[in-house]
Amino acid sequence: MTKTGSRGNKPASSMTVVPPGTQSGMGWSHREGGLVTAGLGTQCIHAGAAPDPAYGAVTPPVYQTSTFAYLDVATSAGFEYTRTSNPTRACLEEAIALLEGGDSAACTSSGMSAVLVALNLLDSGSHLLCPMDCYGGTYRTLEHAKRAYGLEVTYLDMADLEAVEKALRPTTRMIWAETPSNPLLRLSDLSALSRISKAIDALLVVDNSFLSPILQRPFAWGADLVVHSTSKYLNGHSDVIGGAVVAAKGRPDLATRLAALNKTLGTSQSPHDCFLVLRGIKTLHLRMRAHESNAQALAEFLASHPGVALVNYPGLPSHPQHELAKRQQLGFGAVLSFELKQPTRSAINRLLRSLQWFTLAESLGGVESLVNQPATMSHASMPPELRERVGIRDGLIRLSVGLEDPADLIEDLRQALEAAAGKS
């Protein structure tokens, strides 16, 4: 038997083998410093993805282990237990923090656990402002926090800055911005909210799941924290549940607390799921522009259709905050919602059942197009009277526009709208 090294096959005679972890003299070993000023495409592909120091794997490996061996008494190699930290998760956290322009990130098991981690920065009795048309899961979590942790919450129209000012209390410690909001696509003026929050020493938290760092940079407008459901566009393939909370630069206190909370609450993301999100991020810059192009075409088609009463999409000049979207965002995103002129239950059901390329399903942000009826799906946990008050009516339909051929998606909507009107 031919004797080989401790791993793998015997190398070719001309190849030199060095011990794992030996410092490389190759140019790629200096990428990290250049990534800060690199373009978004370069960042998406290389952030958190330097060749692995053990054996040079180009793609960060899945370190599927619960625990790590100590090198000596009280001496580790930087990782001890995966709930606390893991090399694969560290790569993803580095990538998301870089893309958002933040200090550091804590990657969590879901978007809702990311919300939970952020809320745990607050003391019992703290007051929080939140959009009245926030995501149903966020509403459910805030209502639980009110009952279980003594959190006080005021839901309001975040576009009304005068109302925001009037809602402030001496105990206000956080302003939660979901922009664009889910599912009405309302915007929050982040620069104005930042001035308000800093004047009272409160945290401004921005849910950036709808736009991703490709189309919106909340830290540039004064946010303290950015929250993501990485299940959405960051991953982009509808095969992962995950979340992230990112701390702004200059806030090492927040970075330290987020890491400690993720460890304490047991909300950290699994290595394999982190690996999949890292894979998705490599094409994020390409996917977001294609998503947006398709969504703009569909929004314009729906806005001109005689059977549609209204379309909520910031890329339309008819959107009441179109100018804010142009100023604050780097694009308009790929989620829109609309209502029929005759939104009877039978008409809505015929529309939903007729769609071929839009799958009736929860979530958003994947390569495939999805359709959602918020009142019965994503926002079913909201009381009906609250949904009605904020504008989430039973007839509201939300689309997550995927990457199919736009002509196919438009034709699909056309025939479904005819079916809804009883014409097919």
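The values are calculated or read from the model by the stated rules, or taken from the named source; none is laboratory data. Computed from a predicted structure; not experimentally measured. So basically every Cβ, Gly included, is an ideal-geometry build from the backbone, and we count neighbours across all protein chains shown.
Residues in region 259-275 that are out of contact with any strand residue (DSSP E or B) (no Cβ under 8 Å at 6 or more places or on another chain), buried (at least 18 other Cβ atoms within 10 Å of the Cβ) and in a helix (DSSP H, G or I): P271, D273, F275. Identify all residues within region 84-105 that are within 13 Å of the chain's Cα centre (by Cα) and either within 27 Å of S378 (Cβ to Cβ) or basic (K, R) (or both); write none if there are none. Hits for region 84-105 are I96, L99, E100, A105.
Taking region 160-183 as the range and being surrounded by fewer than 18 Cβ atoms within 10 Å (Cβ to Cβ) and within 30 Å of F332 (Cβ to Cβ) as the test, the residues that pass are D160, L161, E162, A163, E165, A167. Output yes when any residue across region 312-322 is in a strand (DSSP E or B), out of contact with any Pro (no Cβ under 6 Å at 6 or more places or on another chain) and under 17 Å from D412 (Cβ atoms), and no when none is. Scanning region 312-322 turns up no residue that is in a strand (DSSP E or B), out of contact with any Pro (no Cβ under 6 Å at 6 or more places or on another chain) and under 17 Å from D412 (Cβ atoms). The single residue among L261, L302 that is modelled with pLDDT of 95 or more and under 25 Å from G331 (Cα atoms) turns out to be L302. Output yes when any residue across region 103-119 is under 16 Å from P271 (Cβ atoms), touching a Leu at 6+ places or on another chain (Cβ under 6 Å), touching a residue at least 12 places away in the same chain (Cβ under 8 Å) and crowded, with 21+ Cβ neighbours inside 10 Å, and no when none is. Among the residues of region 103-119, at least one is under 16 Å from P271 (Cβ atoms), touching a Leu at 6+ places or on another chain (Cβ under 6 Å), touching a residue at least 12 places away in the same chain (Cβ under 8 Å) and crowded, with 21+ Cβ neighbours inside 10 Å, which makes the answer yes. Exactly one residue out of T171, T138, T67 is closer than 23 Å to R257 by Cα, of a type in the set (S, T, Y) and free of Cβ contacts under 8 Å to residues at least 24 places away in the same chain, and it is T67. Residues that are in a loop (DSSP other than H, G, I, E, B) and of a type in the set (V, I, T) were ranked within region 66-86; the one that is surrounded by the most Cβ atoms within 10 Å (Cβ to Cβ) is T82. So, L98, is that one out of contact with any strand residue (DSSP E or B) (no Cβ under 8 Å at 6 or more places or on another chain), at pLDDT below 95 and aliphatic (A, V, I, L, M) or not? Here the answer is no, as L98 does not meet what is asked. Among all residues of region 262-273, there is none that is charged (D, E, K, R) and within 27 Å of P317 (Cβ to Cβ). Within region 356-375, the set of residues being touching a residue at least 40 places away in the same chain (Cβ under 8 Å) and charged (D, E, K, R) comprises E368 only. Filtering region 323-344 to residues that are part of a strand (DSSP E or B) and among the charged types (D, E, K, R) leaves only E339.
Taking the condition of being farther than 30 Å from V335 by Cα and either without any contact (Cβ under 8 Å) to a residue 40 or more places away in the chain or assigned to a strand (DSSP E or B) (or both), how many residues in region 221-258 meet it? Walk me through how you get there before you give the answer.
Going residue by residue through region 221-258, those that are farther than 30 Å from V335 by Cα are 250-257.
If we keep only those that are either without any contact (Cβ under 8 Å) to a residue 40 or more places away in the chain or assigned to a strand (DSSP E or B) (or both) too, we end up with 253, 256.
Adding up the residues that qualify gives 2.
Can you tell me which residue in region 230-251 is farthest from P271 (Cα to Cα), limited to those that are among the aliphatic types (A, V, I, L, M) and touching a Leu at 6+ places or on another chain (Cβ under 8 Å)? Out of the qualifying residues, it is A248. For region 345-354, the condition of being part of a loop (DSSP other than H, G, I, E, B) and either more than 19 Å from D408 (Cβ to Cβ) or touching a helix residue (DSSP H, G or I) at 6+ places or on another chain (Cβ under 8 Å) (or both) holds for none of the residues.
Here region 288-304 is the region considered, the condition is being over 19 Å from W357 (Cα atoms) and over 23 Å from the mean Cα position of the chain (by Cα), and the residue that is surrounded by the fewest Cβ atoms within 10 Å (Cβ to Cβ) is S304. Being in contact with a Pro (Cβ under 6 Å, 6 or more places away or on another chain) and either touching a residue at least 24 places away in the same chain (Cβ under 8 Å) or not polar (S, T, N, Q) (or both): is that true of F338 here? Against the criterion (in contact with a Pro (Cβ under 6 Å, 6 or more places away or on another chain) and either touching a residue at least 24 places away in the same chain (Cβ under 8 Å) or not polar (S, T, N, Q) (or both)), F338 does not qualify.
Residues considered: T264, T283. Of these, the only one that is within 30 Å of T88 (Cα to Cα) and in contact (Cβ under 8 Å) with a residue 24 or more places away in the chain is T283.
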